[in-house]
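S.K.: The structure's right below; bear with me while I get my questions together.
The values are calculated or read from the model by the stated rules, or taken from the named source; none is laboratory data. Computed from a predicted model, the values in this text were never measured in an experiment. Heads up, the Cβs are rebuilt from the backbone with ideal geometry, glycines too, and the neighbour counts pull from every protein chain shown.
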Protein chains: 2
Amino acid sequence: MNDSYLNFVNSPFGARLARSLGLPKPEVLRRYRADQPEFGGLMAIGAGREPQLLDALANLVAGIGVTSVAHEGAGLWVPLANRHGLMTGRFEAADSGSQGKLAALLFDASGIEDSTQLEPLHGFFHDTLRSLGRCGRTIVLGRPPESCATPRQWTAQRALEGFTRSLGKEARRGITANLVYVEQGAEGRAEATLRFFLSPRSAYVSGQVVRIAAASAGAETTPTFDWRQPLAGRRAVVTGAARGIGASIASVLAAEGAHVIGIDIPTAREALDATMRQLNGTALAFDIAAPEAPAQIAAALDEQGVDIVVHNAGITKDKTIVKMTEAAWQSVIDINLSAQERIDDALLAAGILRDGGRIVGVSSISGIAGNLGQTNYATSKAGVIGRVQSMAPQLHARGITINAVAPGFIETQMTAKIPLAIREAGRRMNSMSQGGQPVDVAQTIAWLAHPGSAGVSGQVVRVCGQSLIGA
Amino acid sequence: MNDSYLNFVNSPFGARLARSLGLPKPEVLRRYRADQPEFGGLMAIGAGREPQLLDALANLVAGIGVTSVAHEGAGLWVPLANRHGLMTGRFEAADSGSQGKLAALLFDASGIEDSTQLEPLHGFFHDTLRSLGRCGRTIVLGRPPESCATPRQWTAQRALEGFTRSLGKEARRGITANLVYVEQGAEGRAEATLRFFLSPRSAYVSGQVVRIAAASAGAETTPTFDWRQPLAGRRAVVTGAARGIGASIASVLAAEGAHVIGIDIPTAREALDATMRQLNGTALAFDIAAPEAPAQIAAALDEQGVDIVVHNAGITKDKTIVKMTEAAWQSVIDINLSAQERIDDALLAAGILRDGGRIVGVSSISGIAGNLGQTNYATSKAGVIGRVQSMAPQLHARGITINAVAPGFIETQMTAKIPLAIREAGRRMNSMSQGGQPVDVAQTIAWLAHPGSAGVSGQVVRVCGQSLIGA
């Protein structure tokens, strides 16, 4: 729960000692606080040839109320910003006084149609990265490769992934780097995602690639919402909500305005009741693995329906496969995967999960990369990815999105029990050189549950500080 | 080029010392040698409910001439094997004398339609893994998730990825674990791929997922070939063929029967000539980045055409982006990516690359995961992945496949120059606890270039010993 090394090297004495010994100094990440402004500082705008997303960016900049400066490659930005009535200027690379002054770097690569046109990407970040402050944000915007008209364009757009992930690995200082592919026609659906990746809410989300899809013809429009309370009037079910990451998810969704229905096993009832009382939520003590649970949950939610379902409940029973019992296999698959399938199907069949709803499953880096001693767990968490990919097209017509988060090393009671050397390796092997907090997972889920995230479905977003580990 | 730690801990004295100190002991990997039988030993067959690929497996077992034993979950295997006239028996888990006796474990998961049906996967590997010998092979067979009829089936099939990758991470002893998804109707196209993953040719390929697609209706049938000389009569172009990995690729393709046309820059002409003389190949000294190169290469190949194109030539110019010059950016993108595009397009437009041909690009783990100091290189190598994904559907009708290999840490003159501590980390952070050899990349390319690999296209296969690093 507590990263004492990080605390130490960020104390006055520890910082001196770390510097003299050449030890790594992980940054204290800036996280979202309701009593501090979410956005601020200067944002530098860059662009490749014929950028197509500057209008969307101007709306974003106007919405969050920050000041922007245009890099020389983004000459179109200044007149555009002026038309939007925005404060703007030009970025001067030569100005050595600019160091640390920028809060975010945004590059519009949407018009790049050939690998020979990629150089402005280098030019922009080459010039601006040293001026980006601690916990700064970098976002590259492109078009989904698979939606491109020509192989050359697809190739150039796909190349952005290698760039963004490298940038995330070398930026350090708590800086994140993410790539957002905005489909043609989805420009109006990108704001919630761009806000998330610019916000301190995404402190531990880096090296990720997210696609924003356009609405299908005739689909319902995004409901109106208040950016300060986007989940107001919405009902959210969270499984495993009594403690740890689940309690943090419940808490963040409640802070965004949702009424939370927390589910946990009967033996955790006391903790569940306490958590839900704090959030003015509703506690439901059910064993989600019980055969009767889906019907019971459906019955409990039937009258008022729900808008958001977060499948957070999960267990581990680690053993190498040679030593793993059939019971250890079955219980992990059942609770982490099959129970999710049964509950979703019950809620969907009865229409309890309303149109425009949101489903978020909790997967894991282990589900992506596999892990020693976790054949059962990794199978279940890879299955969660399959669940999300297979259900997204099915739910599209009802305006329901389904996505997964894949946490990396998150500081919890569970990870606190890992032996020190292994824990330290897990903690440091990522671009932030530290473990994440439960709230980092919770904030990522809140973004996926956001009414403005209608264009994001069928995706897996890692909350791992850009962990080195992958597949 | 030389892993002295691996050599040391595998010497009599070093092995004793490593044991007493508890040091890791990487296995000396068994690699393909023309003077040794490629296949041998017992193969254990397992299956989930209603397996659909046992017929294909029986053909494979008959083709490579090994003896099989059926696990209790694969009761259908014995009568089927008998009908094929194969030697077969039953696997007895209780037989402690079986330790180390198995050479391969194959599990047919194709009939699994729901996450609740995954247990036989655990049962089979739980019972058999300890009987698998050094450098043994494990293969899980399934159906491509995206081709499944229901979300439940898709989810269960997708879950196999987490299982296989975990198995690869815990098996150790030079054992590989790979997942092969065989599309309905592609059963007859799986043999070349299954042979590769069973063979010592795939010594350093683990944790990979490969899909075998069915032929489209009316497509030409696979040409006949000789398994011992599958590339006989075929012409293969290899760029960067003078030395290192490129020379190894040329050598393996020639050993499989191909006439190799090696391309390298004029300054490497002497080495190129020497390599090609050894292989009875043809040397072409061209700078592939020169604007006139595509036309020159096309002209040189025009008369006889080519069947296989391997884009191996590549350079690195590492620097963090703040220090990277525009020239360092441009040259890496141009040689590693844009040149490939130009050469392919020239060969394809003129029909010089014949129908049924093979294109293989060399990507990199950096292209998948990004890497510090390699924004240019990772961008180019991610672009190679985009190239493969975008061109595959376009080339399908001509029977041409296009794929990429993504090497991890391969022992070359380049990696020999990396400082020791970083080199050791790169070498050991994979399931084989060692770097790969150029021949491992070459053998993987030879499999993709194989006439029997018609069902494999648009894919990226890592040659990395299941490196921990990924995205």
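S.K.: Among the numbered conditions (1) basic (Lys, Arg); (2) more than 9 Å from every other protein chain (Cβ to nearest Cβ); (3) buried (at least 24 other Cβ atoms within 10 Å of the Cβ); (4) in a helix (DSSP H, G or I), tell me where A:Lys381 comes up short.
M.R.: Unmet for A:Lys381, out of (1) basic (Lys, Arg); (2) more than 9 Å from every other protein chain (Cβ to nearest Cβ); (3) buried (at least 24 other Cβ atoms within 10 Å of the Cβ); (4) in a helix (DSSP H, G or I): (2).
S.K.: With the structure loaded, tell me whether B:Leu198 is within 29 Å of B:Ser115 (Cβ to Cβ), within 14 Å of chain A (Cβ to nearest Cβ), in contact with a strand residue (DSSP E or B) (Cβ under 6 Å, 6 or more places away or on another chain) and not aromatic (Phe, Trp, Tyr) or whether it fails that test.
M.R.: Criteria not met by B:Leu198.
S.K.: Does B:Ala255 fit the bill of being surrounded by 24 or more Cβ atoms within 10 Å (Cβ to Cβ), of a type in the set (Gly, Ala, Ser) and farther than 30 Å from B:Ser110 by Cα?
M.R.: Values: surrounded by 24 or more Cβ atoms within 10 Å (Cβ to Cβ): no; of a type in the set (Gly, Ala, Ser): yes; farther than 30 Å from B:Ser110 by Cα: yes.
Taking the combined requirement at face value, the residue does not satisfy it.
S.K.: Before we move on, is A:Ala416 farther than 29 Å from A:Asp355 by Cα, without any contact (Cβ under 8 Å) to a residue 60 or more places away in the chain and surrounded by fewer than 16 Cβ atoms within 10 Å (Cβ to Cβ)?
M.R.: no
S.K.: So which pairs qualify, if the first residue must be in segment A:149-164 and facing chain B (nearest Cβ under 7 Å), the second must be surrounded by fewer than 23 Cβ atoms within 10 Å (Cβ to Cβ) and at pLDDT below 95, the Cβ gap must be under 9 Å, and the two must be at least 6 apart or on different chains?
M.R.: Cβ pairs passing all conditions: none.
S.K.: Of the numbered conditions (1) touching a strand residue (DSSP E or B) at 6+ places or on another chain (Cβ under 8 Å); (2) polar (S, T, N, Q); (3) surrounded by fewer than 16 Cβ atoms within 10 Å (Cβ to Cβ), B:Thr282 fails exactly one; give the number of that condition.
M.R.: B:Thr282 satisfies all of (1) touching a strand residue (DSSP E or B) at 6+ places or on another chain (Cβ under 8 Å); (2) polar (S, T, N, Q); (3) surrounded by fewer than 16 Cβ atoms within 10 Å (Cβ to Cβ) except (3).
S.K.: So, one more: Of all residues in segment A:171-193, how many are outside any loop (DSSP other than H, G, I, E, B), more than 20 Å from A:Gln389 (Cα to Cα), more than 11 Å from the chain's Cα centre (by Cα) and not aliphatic (A, V, I, L, M)?
M.R.: 5
S.K.: Name the residues in segment A:428-449 that are surrounded by fewer than 24 Cβ atoms within 10 Å (Cβ to Cβ) and either away from chain B (no Cβ under 14 Å) or within 17 Å of A:Val260 (Cβ to Cβ) (or both), would you?
M.R.: Of everything in segment A:428-449, those that are surrounded by fewer than 24 Cβ atoms within 10 Å (Cβ to Cβ) and either away from chain B (no Cβ under 14 Å) or within 17 Å of A:Val260 (Cβ to Cβ) (or both) turn out to be A:Gln434, A:Gln437, A:Pro438, A:Val439.
S.K.: How about segment A:30-95: which strands (runs of 3 or more DSSP E) wholly inside it have at least 1 residues that are outside the structural domain of A:Gln443 (by the TED database), surrounded by 14 or more Cβ atoms within 10 Å (Cβ to Cβ) and modelled with pLDDT of 95 or more?
M.R.: Hits in segment A:30-95: A:42-47, A:67-70.
S.K.: Oh, and also: Looking only at segment A:223-252, how many residues end up being surrounded by fewer than 24 Cβ atoms within 10 Å (Cβ to Cβ) and in contact with a Ser or Thr (Cβ under 6 Å, 6 or more places away or on another chain)?
M.R.: Count: 1.
S.K.: Additional query: Would you point out which residue out of B:Ala392, B:Ala369 is surrounded by fewer than 21 Cβ atoms within 10 Å (Cβ to Cβ), among the small types (Gly, Ala, Ser) and within 11 Å of another protein chain (Cβ to nearest Cβ)?
M.R.: From the options B:Ala392, B:Ala369, the qualifying one is B:Ala392.
S.K.: Answer yes or no: is there a residue in segment A:97-113 that is free of Cβ contacts under 8 Å to residues at least 24 places away in the same chain, farther than 28 Å from B:Ile385 by Cβ and either assigned to a helix (DSSP H, G or I) or more than 7 Å from every other protein chain (Cβ to nearest Cβ) (or both).
M.R.: Checked against the condition, which is being free of Cβ contacts under 8 Å to residues at least 24 places away in the same chain, farther than 28 Å from B:Ile385 by Cβ and either assigned to a helix (DSSP H, G or I) or more than 7 Å from every other protein chain (Cβ to nearest Cβ) (or both), segment A:97-113 yields at least one hit.
S.K.: Anything in segment B:382-412 that is free of Cβ contacts under 8 Å to residues at least 60 places away in the same chain and charged (D, E, K, R)? List them, or say none.
M.R.: Within segment B:382-412, B:Arg387, B:Arg398 qualify.
S.K.: Being free of Cβ contacts under 8 Å to residues at least 60 places away in the same chain, among the charged types (D, E, K, R) and under 25 Å from B:Cys135 (Cα atoms) is the requirement here; does B:Arg423 meet it?
M.R.: So B:Arg423 passes the test.
S.K.: Among the candidates B:Phe225, B:Phe197, single out the residue that is farther than 30 Å from B:Gly174 by Cα, of a type in the set (Phe, Trp, Tyr) and not assigned by the TED database to the domain that holds B:Asp345.
M.R.: B:Phe225
S.K.: So B:Phe8 clears everything in (1) touching a residue at least 60 places away in the same chain (Cβ under 8 Å); (2) surrounded by fewer than 16 Cβ atoms within 10 Å (Cβ to Cβ) except one condition, right? Which one?
M.R.: Of (1) touching a residue at least 60 places away in the same chain (Cβ under 8 Å); (2) surrounded by fewer than 16 Cβ atoms within 10 Å (Cβ to Cβ), only one is false for B:Phe8: (1).
S.K.: Name the residue that is nearest to the other protein chains (Cβ to nearest Cβ), counting only residues in segment A:165-176 that are more than 17 Å from B:Lys381 (Cβ to Cβ) and of a type in the set (Gly, Ala, Ser).
M.R.: Once the filter is applied, the top-ranked residue is A:Ala171.
S.K.: Residues in segment B:395-405: is at least one more than 8 Å from chain A (Cβ to nearest Cβ) and under 18 Å from B:Ala247 (Cα atoms)?
M.R.: yes
Here's the yes/no breakdown for (1) at pLDDT below 95; (2) closer than 26 Å to B:Thr415 by Cβ:
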residue	(1), (2)
B:Arg243	no, yes
B:Thr267	no, yes
B:Glu292	no, no
B:Ala298	no, no
B:Asp302	yes, no
B:Val306	no, no
B:Gly314	no, yes
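S.K.: If B:His84 meets every condition in (1) out of contact with any His (no Cβ under 9 Å at 6 or more places or on another chain); (2) within 14 Å of another protein chain (Cβ to nearest Cβ) apart from one, which number is that one?
M.R.: (2)
S.K.: A further question on this structure: Could you please let me know if B:Arg165 is part of a helix (DSSP H, G or I) and crowded, with 18+ Cβ neighbours inside 10 Å? Walk me through it before giving the result.
M.R.: Numbers: part of a helix (DSSP H, G or I): yes; crowded, with 18+ Cβ neighbours inside 10 Å: yes.
In short, yes.
S.K.: Based on what the data block shows, is A:Asp264 on the phi < 0 side of the Ramachandran plot, surrounded by fewer than 19 Cβ atoms within 10 Å (Cβ to Cβ) and in the same structural domain as A:Ile352 (by the TED database)? Spell out the reasoning first.
M.R.: Details: on the phi < 0 side of the Ramachandran plot: yes; surrounded by fewer than 19 Cβ atoms within 10 Å (Cβ to Cβ): no; in the same structural domain as A:Ile352 (by the TED database): yes.
Criteria not met by A:Asp264.
S.K.: Which members of segment B:11-29 meet the condition of being in a helix (DSSP H, G or I) and either closer than 25 Å to B:Leu80 by Cβ or hydroxyl-bearing (Ser, Thr, Tyr) (or both)? Walk me through it before giving the result.
M.R.: Initial filter on segment B:11-29 (in a helix (DSSP H, G or I)): B:12-21.
The answer is B:Ser20, and nothing else.
S.K.: Filter segment A:295-351 for residues that are part of a loop (DSSP other than H, G, I, E, B), among the acidic types (Asp, Glu) and without any contact (Cβ under 8 Å) to a residue 40 or more places away in the chain and give the result. Quick ask: steps written out before the conclusion?
M.R.: Initially, segment A:295-351 is screened for residues part of a loop (DSSP other than H, G, I, E, B), giving A:302-305, A:312-325, A:350-351.
Keeping just the survivors that are among the acidic types (Asp, Glu) gives A:302-303, A:318.
Across segment A:295-351, the qualifying residue is only A:Glu303.
S.K.: Sticking with this structure for a sec: Given the conditions (1) at pLDDT 95 or above; (2) of a type in the set (Ser, Thr, Tyr); (3) not assigned by the TED database to the domain that holds B:Ser457, which single one is not true for B:Thr275?
M.R.: (3)
S.K.: Do the conditions hold for A:Ser216, that is, is it in contact with a His (Cβ under 8 Å, 6 or more places away or on another chain) and touching a residue at least 60 places away in the same chain (Cβ under 8 Å)?
M.R.: yes
S.K.: Something else: Confirm whether B:Asn376 is facing another protein chain (nearest Cβ under 10 Å), in a loop (DSSP other than H, G, I, E, B) and touching a helix residue (DSSP H, G or I) at 6+ places or on another chain (Cβ under 6 Å).
M.R.: Values: facing another protein chain (nearest Cβ under 10 Å): yes; in a loop (DSSP other than H, G, I, E, B): no; touching a helix residue (DSSP H, G or I) at 6+ places or on another chain (Cβ under 6 Å): yes.
So B:Asn376 fails the test.
S.K.: Among B:Val209, B:Val180, B:Val140, which is touching a Leu at 6+ places or on another chain (Cβ under 8 Å) and away from chain A (no Cβ under 11 Å)?
M.R.: B:Val180
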